[in-house]
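The values are calculated or read from the model by the stated rules, or taken from the named source; none is laboratory data. None of the values given here were measured: they were computed from a predicted structure. Methodologically, a virtual Cβ is constructed for each residue, glycine included, from the backbone with ideal geometry; neighbour enumeration extends over all protein chains shown.
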Amino acid sequence: MLKQENENGERTAVGIDPCKEFLQLAILSHKKEPVYRKVPLLPSITAEIARSTDPENTQIAIESYGSNGKLFVFELMKRGYDIREVNPYVSNRLTDLFTEEHSDRRDAESLAKALFLLPDLPKVSFTERKLWLGKLSRLREKVIKDLNAYVNRLHVALTESYGVVYKSLFRSVFSEKALKFFESYPTINDTFSHKRKVKTLLAQEKWELLRQAGQWERSFYLELLGVEIRCLITVIRVLIDTKKKVERQIRDIGEEDKEMKILRSIPGVDYVTASSLLSGIGNVERFEQESSLASYCGVGPVLWQSGTSRIKTKRRKRFSRRLKGNLYLISLTQIRVNHESRAYYWRKRKEGKTHWQAMNALSRQLIKIIYYMLKNHECYQREKVMH
């Protein structure tokens, strides 16, 4: 067993590549042949790994724990394992460096090798509440993505059944009033069949638009369009209701969480934004300094020099795209509601920076503020911002 083999204090590196139904493990230690194991994703796996490894001299590397295996990672954390996060860009480069073969085994092995080659990998650290917030935040993002897809399909179906005139009836097809109307009258022919009711619901001007547009000839395909539109609206209602329930759960957790309260003191940061930030950052103590967090979020520049050429900076490739996206949205809000942030942004533009460069600089300042707020347990103070 690995525990017996490591009594001499040698460090064991375990790379774990989580998939939908199983985990691919690569276990590396000095002067020993690699061990590969493919195990099903079951609750009993954490106990099995604990029996064969010692948390005191075992490090675990994992690439993505956002979608698969996050509960498994949380169980290992509670058992005292040192778990490190490897950016997908790094693990892919390591795989290409050692072999051209692509497989789950090689991916797990690259993760394990990263522990020996990159000692400053960020430590995975989060609480059960952050685990909950992260899952709810991602669920909300998926629901919104599905919701937008179904709304787009509804636009296509309404264009067929009404023609372009449907866009003039309501400001937004997304509104409850519009959904209720098109659910009752899914085709333009249905409005003519219920002329009195439609005239009551719509202003005379809008009814005149329908009258001028005319009717389609009755057909089986038109009836099918009506069925499709009603089905799409049913799904859209379910997704809207699900989104509201998820947001209520996020709010309920946020009202009891001190770090959520700290982040929400930033102008324009709501419960949803704060939950996405917290779940992405995890435990702020895993970052020794604010520059480490900035690099993790992709807003810290990388120095670039070759030979005697001028030193310059370039964009990072190893960062959390989700966190960088959240910072960009917060920065946009700051420009709108915070005059100091707005002045900082335009000062950077006057220095010759592009919009994206100025936004990146503003995000860099914001993550510095967020780091010290979480580190010192202090709420946002306007007078300390953007010097």
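When the range 90-143 is filtered for residues that are over 22 Å from THR273 (Cβ atoms), touching a residue at least 24 places away in the same chain (Cβ under 8 Å) and hydroxyl-bearing (Ser, Thr, Tyr), the ones remaining, listed by number, are SER91, SER110.
From the list LEU111, LEU115, LEU71, LEU97, the lone residue that is surrounded by 18 or more Cβ atoms within 10 Å (Cβ to Cβ), out of contact with any helix residue (DSSP H, G or I) (no Cβ under 6 Å at 6 or more places or on another chain) and assigned by TED's automatic domain parsing to the domain that holds SER29 is LEU115.
Among residues of the range 230-255 that are modelled with pLDDT of 95 or more, those with a Cβ under 7 angstrom from a residue that is of a type outside the set (Val, Ile, Thr) and not in a helix (DSSP H, G or I), sequence gap 6+ or separate chain, pair up as ARG230/PRO186.
Within the range 346-375, the set of residues being polar (S, T, N, Q) and closer than 19 Å to PRO267 by Cβ comprises SER363, GLN365. At least 2 residues being hydroxyl-bearing (Ser, Thr, Tyr) is the threshold, and among the helices (runs of 4 or more DSSP H) wholly inside the range 45-132 those reaching it are 88-98.
Scanning the range 47-68 for residues being at pLDDT 85 or above and buried (at least 19 other Cβ atoms within 10 Å of the Cβ) gives a total of 5. Put simply, of ASP104, ASP96, ASP120 the only residue that is closer than 30 Å to PRO34 by Cα and in contact with a Cys (Cβ under 7 Å, 6 or more places away or on another chain) is ASP104.
Could we say that LEU263 is at pLDDT 85 or above, over 24 Å from ARG84 (Cα atoms), within 21 Å of the chain's Cα centre (by Cα) and buried (at least 18 other Cβ atoms within 10 Å of the Cβ) here? For LEU263, the condition - at pLDDT 85 or above, over 24 Å from ARG84 (Cα atoms), within 21 Å of the chain's Cα centre (by Cα) and buried (at least 18 other Cβ atoms within 10 Å of the Cβ) - is met.
Within the bounds of the range 195-217, is there any residue that is farther than 26 Å from ARG153 by Cβ and either of a type in the set (Phe, Trp, Tyr) or not assigned by TED's automatic domain parsing to the domain that holds ARG153 (or both)? The answer is yes; a qualifying residue exists.
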